[in-house]
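Every number in this text was worked out from the coordinates using simple rules, so none of it is lab data. All of these numbers come straight from a predicted model, not from anything done at the bench. Ideal geometry is used to build each Cβ from the backbone, glycine not excepted, and the neighbour counts take in all protein chains shown.
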Amino acid sequence: MSVAAQHVLVAYRGADGAPKTVVRSRAEALKRAEEVLAKAKSGADFTALASEYSDDPSAKERAGSVGKFTRDKMAKPFSDAAFALPVGSVSEPVETKYGFHVIKRNQ
């Protein structure tokens, strides 16, 4: 089984793959991820949120889309959250070694 999802990645200093320009602390990153979640829950366009907030370099090009994936293709916390979401729903912030993700399941 596979799912399709978009995400907003909010990185923090020291997270794997974090751009050198990211200087926020873990706590600041969590707060920013919670802001993204609040905006998504209030009806903001998730694609626009990904473009504005995500530290994932590919987010700008792919609107936060990670495409279709099977459970073993993503970090376990990310997969667990994405597979547990109903289609169209948005996750609470999920932490991986890359930072905090807000995930929207599309399929």
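Key figures for this structure:
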quantity	calculated
Residue-by-residue Karplus 3J(HN,Hα) for segment 5-19, coefficients 6.51, -1.76, 1.60, Hz, glycine and proline x	8, 10, 8, 10, 9, 10, 7, 9, 3, x, 6, 4, x, 5, x
Karplus 3J(HN,Hα) series, Hz, for segment 36-45 with 6.51 cos²θ - 1.76 cosθ + 1.60 (x for Gly, Pro)	4, 4, 4, 5, 5, 5, 8, x, 5, 5
Net charge dipole size for segment 2-105 [Lys, Arg +1 and Asp, Glu -1 on Cβ; Debye, nearest 20]	120
Proximal lysines to residue 68, defined as alpha-carbon separation beneath 25 angstrom and excluding residues fewer than eight positions away on the same chain	39, 41, 60, 76, 97, 104
Cα-Cα pairs of the chain separated by more than 23 Å (percent)	17
Structure-based [θ]222 nm, the chain - -39500 (n - 2.57) summed over DSSP H runs of at least 4, per residue, nearest 500	-10000 deg cm²/dmol
Förster radius 35 Å - calculated FRET efficiency between residue 45 and residue 73 (Cβ-Cβ, nearest 0.05)	0.85
Backbone HN-Hα couplings from phi across segment 78-85 [Karplus 6.51/-1.76/1.60, Hz, Gly and Pro as x]	5, 4, 4, 5, 4, 6, 7, 6
Point-to-point label distance, residue 4-residue 58, nm (Cα→Cβ direction, 7 Å offset)	1.5
